[in-house]
Structure formats: C-alpha cells, structure tokens
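This report concerns only the one structure given below.
The values are calculated or read from the model by the stated rules, or taken from the named source; none is laboratory data. Model, not experiment: these values are computed from the prediction. Virtual Cβ from ideal backbone geometry, glycine too; neighbours counted across all protein chains shown. Protein only, heavy atoms only, side chains kept; ligands, DNA and RNA dropped before computing areas. Shrake-Rupley method; radii C 1.70, N 1.55, O 1.52, S 1.80 Å.
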Amino acid sequence: MKKNLVIAHRGIHDNITTPENSISSFKKALDKNVPIEFDIQITKDNKLVIFHDDNLKRMTGVDKFIQDTDFADVRKLRLLNTNEIIPTFKEVLDLVNSKILLDIEIKNTNKKKLVVELVLKELENYKGKVYLKSFNPFIVKQIKKKTNKYRLGLLITDKYNINIVDFIFKTNLPIYYLKPDFLAIKKTMLTKKYYKHFKDHYSIFIWTIKTEKEILEYKKTYLDNISYICNIEK
C-alpha cells in the first residue's frame with residue numbers, strides 16, 4: 001500500500017452543487033486522479049446502490065429507509081435538490097473503469113450473505129484496484145471466506161459502545177479471527193494507547209479528515225504507513 005495515501009471520502013463533493021456519493025463527485029476525483037471511498041447499500045429488491053445513510057431523508061428529503069425502498073423509487077429521487085440521482089454500483093465501476101483505487105464500504109444489512117455475493121459478482125470482471133471494508137465483522141468474514149482477491153478492512157469506531165472497542169483492541173480476538181489486511185479507524189481513536197500496538201501489525205486508514213491543514217498535521221504526527229480518508233471539496 002502506498003505510504004500516506006489520501007482517499008476522497010464519498011468522492012470530491014461540497015454537498016451544495018456536488019453531492020456526496022454522486023457521479024459528479026466521482027468524476028471530480030477521476031479528473032484529479034484521487035482514489036475514492038464510497039458506500040454500498042442494498043435496496044428492497046436487491047439492487048446495489050451508492051449511498052451512505054440508512055435513511056434517505058438527509059440527502060433526498062424522503063423519510064424512508066433505503067432497504068425498504070424498491071430500486072425504481074430510489075431512482076426517482078434527486079440528491080440535495082440537484083439533478084444527481086443515486087448511482088448504482090455498476091455505474092460507478094463503469095465510470096471509473098480501473099483508473100483509480102476504489103475503497104468500498106459495505107454498509108450493514110440484514111441481507112449480509114446476499115450483499116456480499118452481489119458485490120463480488122459485480123467485481124468479477126473488474127480489473128482495477130479495490131479495497132473492501134465494513135463495520136460488520138460478519139460481512140468481513142464472508143468476504144474472506146469467498147475470496148482473497150481484494151485487500152480487506154475492518155472499520156472501527158468508538159461512537160456506539162466503548163466497551164466493545166476496548167474488547168476488540170485489548171484482546172485482539174475479533175481481529176485475529178477476521179484477519180483483515182487493514183483497520184479503518186475513527187481519527188479520534190489514534191490517541192488511545194491500544195492504537196500503538198495495532199499500527200505495528202496492520203496498515204491503518206483513518207477517517208474522516210476534514211481539511212488540507214488537518215492532513216498536514218496528521219502527516220507530521222503519524223509518519224507511519226497510514227492512509228487518510230478525507231473530505232475533499234475541490
């Protein structure tokens with residue numbers, strides 16, 4: 001993995017004229033040759049689309065969960081009052097066409113096995129460089145069981161239950177069981193003592209860096225093999 005890799009979080013967007021996880025945000029990343037991070041969700045009728053939130057409201061104004069919505073209805077929506085639609089996974093793969101690295105998060109779902117099968121099927125003939133990751137250990141394990149073709153990561157946050165995070169880091173058992181290629185951890189967790197142990201054993205992705213100044217500050221502090229998942233606006 002390239003040292004100090006910078007990845008555009010949900011594409012290059014400002015959420016005004018260019019929405020996150022939109023075709024235009026990915027085109028901007030392509031123009032700058034910047035790797036992109038994006039999120040995969042599954043619709044009610046099992047179509048893979050690129051969208052971050054479980055609920056459609058923040059980005060479309062419709063208060064409905066994406067996994068309870070058929071694809072045809074998802075496609076009628078527009079992102080943040082622009083002309084941008086919610087793209088499919090295939091559309092993004094066709095757009096990027098192996099030109100830049102894709103850092104793909106598979107969002108949690110009650111269709112865990114199915115979403116893994118569908119993602120891997122879409123990637124079968126894709127020739128570009130791909131990283132796959134998820135917060136859900138079951139999804140990570142499912143991918144690991146089916147293929148070793150892609151670098152695979154476990155996402156970790158302290159947002160929900162710090163006791164679970166402590167268990168993960170202090171015992172090392174879940175990570176040992178999953179054997180991910182990298183850990184993608186929330187930037188506020190870098191100060192934790194247990195982080196120092198894992199940076200010696202895993203490639204580390206940190207998220208989400210907000211500004212160019214912040215990128216420079218982190219690079220000065222963390223000179224190791226760390227990748228930065230960043231909000232890039234222009």
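Of note:
- Among residues of the stretch 39-75, those that are open to solvent by less than 10 Å² (accessible area, probe 1.4 Å) and touching a Lys or Arg at 6+ places or on another chain (Cβ under 6 Å), counted: 5
- Among residues of the stretch 88-112 being among the acidic types (Asp, Glu) and within 20 Å of Ala184 (Cβ to Cβ), the one that is surrounded by the most Cβ atoms within 10 Å (Cβ to Cβ) is Asp103.
- For the stretch 3-38, the set of residues classified as open to solvent by less than 30 Å² (accessible area, probe 1.4 Å), assigned to a strand (DSSP E or B) and out of contact with any Lys or Arg (no Cβ under 7 Å at 6 or more places or on another chain) consists of Ile7, Ala8, His9, Ile36, listed by residue number.
- Residue ID - nearest to Phe38 (Cα to Cα), chosen from residues in the stretch 76-87 that are open to solvent by 60 Å² or more (accessible area, probe 1.4 Å) and assigned to a loop (DSSP other than H, G, I, E, B): Arg78
- Filtering the stretch 198-219 to residues that are among the basic types (Lys, Arg) and not in a loop (DSSP other than H, G, I, E, B) leaves Lys199, Lys213, Lys219.
- Flag for Glu91 being part of a helix (DSSP H, G or I) and under 22 Å from Met59 (Cβ atoms): yes
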